[in-house]
Amino acid sequence: MYTRAELTGHLRALGVERGEILLVQSSARAVGPVEDRARTIVSALQDALGPEGTLVAYTATPENSRTSRLHKEATAGLSSAERLRFLDRMPPFDRNSTPASPTMGRVSEEIRLLPGAVRSRHPQTSFTAVGPMARELTADHRYESHLGEHSPLNRLYKAGARVLMIGVPWTCCTVFHLAEYRQPGRTMQRYSTVVLGRGGRARWKHFYAPRVDTAHFDRMAAEITPTLKGLVKGHFGDADCVLMPIAEAVDGAARWLDRPAGESWEPSARCGPIPSGKVTFLD
């Protein structure tokens, strides 16, 4: 089995630095045999960052939406009455107690449970951070900005953070969604989530936000990652890893998305936020 010290050594060899801000997306299973698997992985990450570093995880709850794929799968085939009962039993999101979705992986949940961890308030796309920058990174996560300018993702971008992907595919690379939010002509979708209201009662919250997709992430990553100067590949236990600056990855993705239809992609200068353009609303 891999020990905590060995895994910390792998992170050091990969280039993880003490004191940095690191977003981690991982598959504990891909790491291989580790005693007390997810907890040991998180401990190794904290050891590599040191007390002056900030560890961040995506602790989303995508099931908490009437329009999400997971919700639609869970309610498929139900009668109208059964569907109403299902909706009535949906637990409200409470950032202090609601577990991260199992689809986020056990490491994300273990980071959420760390002493001193701070979670953003979004009922679908929350982030959890622990360390000196935790409160600043998770503040003011607006409903209409799942993964946009008013989310922890943009604060990570501005703070010079890096993302470490441990044994997960490019379709899991959440940082690319910030580039989608920066495109003009976005399609807006109505979202309905259950949140904790006054007196601890559940209430529905409805809002519009950009519709996002991961179908193109594999192709996009194949084209842009060879041009990212700060990207490093290595291993963590048995898992293949990619470590890269969030700003560089988002800028590259934004340029790829912004290229004219049918035109080959060419890397260029840093682009930054793109002004909002015409939007289409879906209900």
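Annotations
- Shape class for the chain: oblate, because the ratio a/c of the largest to smallest gyration tensor axis (alpha-carbon atoms, square roots of eigenvalues) is 1.5 or more and b/c is at least a/b.
- Estimated translational D of region 10-141 in µm²/s (Stokes, Kirkwood radius over Cα pairs; 25 °C; 0.890 mPa s): 153
- For the chain, with +1 on Lys and Arg beta carbons and -1 on Asp and Glu, the positive-most of 206, 50, 220 along the dipole: 206
- A Stokes-Einstein calculation at 20 °C with viscosity 1.002 mPa s, built on the Kirkwood radius of region 155-242 over Cα pairs, returns a diffusion coefficient of 133 µm²/s.
- Isotropic mean projected area of the C-alpha convex hull, region 90-243 (nm²): 10.5
- Computed on protein heavy atoms with a 1.4 Å probe, the accessible areas place 126, 27, 97 in the order 97, 27, 126, largest first.
- Put a plus charge on the Cβ of each Lys and Arg, a minus charge on the Cβ of each Asp and Glu, and nothing anywhere else: the dipole of region 1-44 about its Cα centre is then about 80 debye.
- Lys, Arg +1 and Asp, Glu -1 on Cβ, resulting dipole of the chain about Cα centre, debye, nearest 20: 980
- Reachable aspartates and glutamates from residue 72, criterion Cα separation under 13 angstrom, eight or more residues apart if same chain: 63
- Taking 20 °C and 1.002 mPa s as conditions, region 29-93 diffuses translationally at an estimated 139 µm²/s according to Stokes-Einstein applied to its Kirkwood radius (Cα pairs).
- Longest to shortest principal axis, alpha-carbon extents of region 65-140, angstrom: 49, 24, 17
The values are calculated or read from the model by the stated rules, or taken from the named source; none is laboratory data. A quick note: this is a predicted structure, and the numbers were derived from the prediction, not measured. Glycine also receives a Cβ, built like all others from the backbone with ideal geometry; neighbour counts cover every protein chain displayed. With ligands, DNA and RNA removed, areas are computed over all heavy atoms of the protein, side chains included. Shrake-Rupley method; radii C 1.70, N 1.55, O 1.52, S 1.80 Å.
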